[in-house]
Structures are given as structure tokens and as C-alpha cells.
Amino acid sequence: MKKRIISSILIFALSFSFLFSCSKSEKQTAESFQYFDTYSTLTVYCGEQEFLKYSQEFKTTLKKYHELFDIYNNYDGITNLKSLNEQAKKAPVNVSDELFNALAYSKELCSLTKGKFNPALGAATSIWHEVRSTANDLNESISFPSKEAISAALSHTAPEALILDSTDKTVFFKDAELLLDLGGIAKGYVASLLSKRLIALGCESFLLNLGGNVIAQGTRYDGSPWSIGIENPFDDKSLGFNEPLALSNSTLVTSGSYQRFFTYNDKVYSHIIDTETGYPSDRFSSVSVLAPSDSSGLADALSTALFCMSYEDGLSLIEKTNGVSALWVFNDGSYKASPDFGGVK
């Protein structure tokens, strides 16, 4: 069985202090364990006072969007995805600009990926979430979903049933059984927003890692690129490339079957659900997408979509999308990279 990995990205950063512009700066790292069900970090080389405002923005933004995108919990005074899943089938619901913009962008990405990323897939993803939760409890036996249950769920995942009114900023479900789930882009979307806010605060160089969704902005203290390594999905095989990628002003996002999964009858089932079949996709071990640093939401959606597409269809999509490249790792340990993927051939 594949080893469960917390993050699909290895971060390599220097850990000593340095002198810059006649003032002492050090490596500063903010950490979060409580948001988006993952471990997140922000790494900056700067003074302590500067870092206070950067780390505060980091934690405040993570908390805010974690609550907005939460499909399991309600929060006082906040209309979030759980609220919409409960109320938007009855009547249009007013939402904040932040949530409305995220949903509007998710529909754009759904169109771009021809539905392979779908924000309205919640009826299907909720079934598999329940299975994974049961499978992770050693005191419970797995209740594997029937084909009929999966088929029924898929009949309530049409993105056209998600109605967004940009004038009134309302959300309405034409299908009463539709459920939203932004898990396929949440971390990448938030990483892009957070990156822009850090830059607006004057933080020009940093390394942001939201559970494997990485943004390498600017350079390290000495002007060299940040070094980012891609996790090997296998315990006993080499991917054939061992050097980390040298990145600056770039985002790297990886979707993998080895991150969140369960095993049933000796078969591994990933958390990434194919929007056509309604079952966990098993085409690849991982797919990584490299894009400009302001496009982490796009990279997140693409990595999810490519994981559920044939290599040929995925390559065609990548070639039609400006500024992005991808790396596919197959289940036998072989790999293929699109042109310009960090020098990997």
C-alpha cells in the first residue's frame, strides 16, 4: 500500500541568517495546521516587525476562506458553502463578494476543463468522503457505494443548475439536490489571493505552501530561485529525475492518488473523483502543473482535471492554455512532461 504523504511538495530553503541592506534579516516561517485540513507554511527572509504583518495576513486569509469554503460546518454571521447547500435550493441566497467571485471563477474553470473540474460535483464527492471516513476508522467496515447510488448522485451535478446573479450577488440551485464542493481549487484559489495580498503589503519574495500548492514568489535572499522538489509517489521506484525545480514567480500544484485515499479489496481509491464516472480516478499516480505565480487557482483546477483525463487529452488542454505546463507520473513509475516543465524531459 502506498505510504500516506501529508504534502506532495518538498520545500528546500536555506536556514541561516544574512545581512541585507544594512539590516539583519532572518528566515521567518508562519505555520498553520487548522485550515483546509492541511499543513500550510509561509517562508520569508525579513525582519521580525515586517513578518508580523505578513504572518497575520497569512493566518487571517486562511481562516476567512476556510470558513467560506467549508461544506461541513456553519459559522455565526457567515454565509458559506454549507449554508448554500442547505438554503440555495429554496430561493436565491445573497453572498459576500468573496464567495460570489470564487463561485464565478469556479464556473469559468469548469468550462475551461470541459467539466473535468466541476464545482457542482458535491453529490458525488460527499458519497466518497463518507466512504473514506469509514475506511479510516479501523473499528468500522467499509460500505462501498453501489453503482445505482453513484449514478443517482451524478444526475445532480450539472454545473448549469448553479445560477449566479452578478447584479444582486445571489446564488440559486435549479436542482434541489445539487451540492457545491470547491475542494478541487480551494487551496490554489486562496494561495493566489494570499500571494496578491502579501505583495500589496510590500512582501516581494516569499515561499507559500498550502498543503502542496506552492507559490515561489521572487527569489531567495541571495537572488537565486527557490528550490522545489516533486514528491515521489512510490516507496521503491525512482521517477528518473532527482533535481529540484528552480522556480521564481511560479506556482506548482500536484494532485496525487497517494495523498488522501482508502483501500478496498486491495485496491487503492484516491480522493479525486472523475466527473464522468463518479468513481475515484486511477489513471495516474500524480499530475503536477506549473504556472505563473498569480495562477495557482488555475493550476489547481488543471491538476485535478488532468488527473481524470487521458494523457493525450490532457496534453492537448495544456497546449491550449497559455503559460502552463504539466508532468504526468503513471502508475508504473514512468512519466511524461509537456514542453517547458522546469527542464524535465
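Read-outs: derived from the displayed coordinates by stated rules, not from any lab. Quantities reported herein were computed from a predicted structural model and do not represent experimental measurements. Please note: Cβ atoms are built from the backbone with ideal geometry, for glycine as well, and neighbour counts cover all protein chains shown.
General remarks:
- Distance in nm between pseudo-label sites at ILE163 and THR134 (7 Å out along the Cβ direction from Cα): 3.5
- Extension gain, LYS107 back to SER316 (0.36 nm per residue minus Cα-Cα distance, nm): 73.2 nm
- A simple spin-label model places pseudo-atoms 7 Å from Cα toward Cβ; at TYR279 and LYS196 they are separated by 4.0 nm.
- Among the listed pairs LYS116/LYS147; LYS114/LYS320; LYS82/LYS196; LYS82/LYS169; LYS64/LYS187, a Cα-Cα separation exceeding 22 Å is found for LYS82/LYS196.
- Length-normalised contact order for region 99-226 - Cα pairs under 8 Å, 6+ apart - percent: 21
- Mean separation of Cα contacts under 8 Å, 6 or more apart, over the residue count of region 73-173: relative contact order %: 38
- Highest average first, the peptides 164-172, 184-192, 203-211 ordered by how many other beta carbon atoms sit within 10 Å of their residues are 184-192, 203-211, 164-172.
- Normalised contact order of region 23-63, rounded percent, pairs of Cα under 8 Å and 6 or more residues apart: 39
- Full extension of the chain segment joining ASP37 with GLU177 gains 47.8 nm, where the gain is 0.36 nm per residue of separation less the Cα-Cα distance.
- Gain on full stretching of the segment that runs from ASP222 to LYS267 - 0.36 nm per residue minus C-alpha separation: 11.5 nm
- Electrostatic tally near ALA200: other residues with Cβ closer than 13 Å to its Cβ, Lys and Arg +1, Asp and Glu -1, net 0.
- Label separation (SER146 vs THR29): 5.0 nm, computed from points 7 Å beyond Cα along the C-beta direction.
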